[in-house]
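The values are calculated or read from the model by the stated rules, or taken from the named source; none is laboratory data. Treat the numbers as computed from the prediction; the structure is a model and nothing was measured. Glycine also receives a Cβ, built like all others from the backbone with ideal geometry; neighbour counts cover every protein chain displayed.
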Amino acid sequence: MTKTDSRWSSPDEALGARVELTLAPTPLHALPRFSQEIGVEVWAKRDDIGPIGLLGNKVRKLEFLIADAQRMDANVLVTVGAVQSNHARTTACAAAMLGLRCVLILGGAESGTPSGNYLLDRLFGAEVELVAGAAWDELEPMLAKKCRDLEEDGQRPYLIPAGGSTPVGALGLARGYLELAEQLAARSLTPELIVHATSSGGTQAGLEVGRAILRGGPRILGVAVAKSPGVLEAEVAEIATNAARLAGLERTWGSGEVAIDHSQQGPAYGVPTDAGQAAIRLLARTEGILTDPVYSGKALAGLIDQGGSGSLRGPVVFWHTGGTPALFDSNLGPPLIE
Ligand SMILES: Cc1ncc(COP(=O)(O)O)c(C=O)c1O
């Protein structure tokens, strides 16, 4: 073993400071009835399992982001997202757990009774600022301005960009990949692929870094729920390259090394698709597991599509990134049940 190899004998040490929020390791288990339906052996990595406020892939990022915030002695977490953002809800919950103030700038308008993630944000006591009609690129400057205002008020804000997809946040998913690798080894499983929903890129970037740390393992396929081909690949590559550097790893990524399926996006981010809704029903009815119309349902539709094309031998790991509170967003149509 070289000196570089030996640092990975303790992944926690190599990846830096982390606040314990997950109930990791999250379960890895087979999906026998779902596998039979689609003709490919599928296993689920259950990052959707956790306390209600903290389920999902965003918790892994927050473990590293909040450790960074604590290092800077921050007392307010400030972040941004859509009104039904899982990341915003998870941040609100983590702030409540740790006694931090939380300010959320959410793109969207109040419509009817609060539901889904927005209801939970409010329940966790986050200070929510709704911005109706704002485009994504308008929200990020608002986030920066909010932090400046808080500083002028004598507060110590920690800015978390959309989705927590910074290199620091991505380290959480690198750790997740190492966790999965141990579970696979214990079961003598060698999947060919990991499939998951991708949007702001940090999850896929982190998984890539984990794979690079181990110098191999199942390949990663992101199923895009937002952003155009080329753009998201470049973002994932950049986050992965910078996250690897933080972990002391000499590795860079180009867009061409990032595999993303853009066929399941549908008309727009957050708009359910027929294939996604059908995938949600299939998993619910074969395994009793919930996915959501914005992220994990579309990722599952991508997996089913790959299986149907005959290009997968399996086994495949479906990395369930969570998002189920969106199922209870009363403003999201068309209806899931026929
Ligand atoms: C449930 C769920 N799955 C997947 C993703 C995509 O993760 P990333 O933004 O890191 O690409 C998100 C991001 O918001 C999410 O909430």
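Remarks
- Considered as a group, the residues in the range 201-240 that are small (Gly, Ala, Ser) and crowded, with 24+ Cβ neighbours inside 10 Å include one that is farthest from the ligand (Cβ to nearest atom), and that residue is Gly210.
- Taken as a whole, the range 108-125 holds no residue that is more than 26 Å from Phe328 (Cβ to Cβ), free of Cβ contacts under 8 Å to residues at least 40 places away in the same chain and either out of contact with any helix residue (DSSP H, G or I) (no Cβ under 6 Å at 6 or more places or on another chain) or of a type in the set (Val, Ile, Thr) (or both).
- Total residues in the range 38-81, condition farther than 22 Å from Val168 by Cβ and aliphatic (A, V, I, L, M): 6
Residue by residue, here is whether (1) closer than 18 Å to Val40 by Cα; (2) buried (at least 22 other Cβ atoms within 10 Å of the Cβ); (3) assigned by TED's automatic domain parsing to the domain that holds Glu41 holds:
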position	(1), (2), (3)
Lys298	yes, yes, yes
Leu303	yes, yes, yes
Ser309	yes, no, yes
Ile337	no, no, no
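Conditions (1) free of Cβ contacts under 8 Å to residues at least 60 places away in the same chain; (2) more than 13 Å from the ligand (Cβ to nearest atom); (3) under 30 Å from Leu184 (Cβ atoms), marked per residue:
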{"position": "Arg33", "(1), (2), (3)": "no, yes, yes"}
{"position": "Gly39", "(1), (2), (3)": "no, yes, yes"}
{"position": "Asn57", "(1), (2), (3)": "no, no, yes"}
{"position": "Leu104", "(1), (2), (3)": "yes, yes, no"}
{"position": "Ala135", "(1), (2), (3)": "yes, yes, no"}
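- Failed criterion for Gly323 (all others in (1) touching a residue at least 40 places away in the same chain (Cβ under 8 Å); (2) surrounded by 24 or more Cβ atoms within 10 Å (Cβ to Cβ); (3) over 21 Å from Leu180 (Cα atoms) hold): (3)
- Given (1) in the same structural domain as Leu312 (by TED's automatic domain parsing); (2) over 30 Å from Pro267 (Cβ atoms); (3) of a type in the set (A, V, I, L, M, F, W, C), number of the condition Leu193 does not satisfy: (2)
- Looking across the range 281-296, the residues that are buried (at least 24 other Cβ atoms within 10 Å of the Cβ) and either at pLDDT below 95 or over 16 Å from Ala30 (Cβ atoms) (or both) come down to Thr291, Asp292, Pro293, Val294, Tyr295, Ser296.
- For Thr190, the requirement of being modelled with pLDDT of 95 or more and either crowded, with 18+ Cβ neighbours inside 10 Å or within 16 Å of the ligand (Cβ to nearest atom) (or both) is not met.
- Qualifying residue in the range 143-160 (condition: at pLDDT 95 or above, within 13 Å of the ligand (Cβ to nearest atom), of a type outside the set (Lys, Arg) and in the same structural domain as Leu300 (by TED's automatic domain parsing)): no
- Filter result (more than 17 Å from Ile260 (Cβ to Cβ) and at pLDDT 95 or above) within the range 305-316: Pro315
- In the range 283-307, residue farthest from the ligand (Cβ to nearest atom) [restricted to those that are part of a helix (DSSP H, G or I) and more than 28 Å from Ala181 (Cβ to Cβ)]: Arg285
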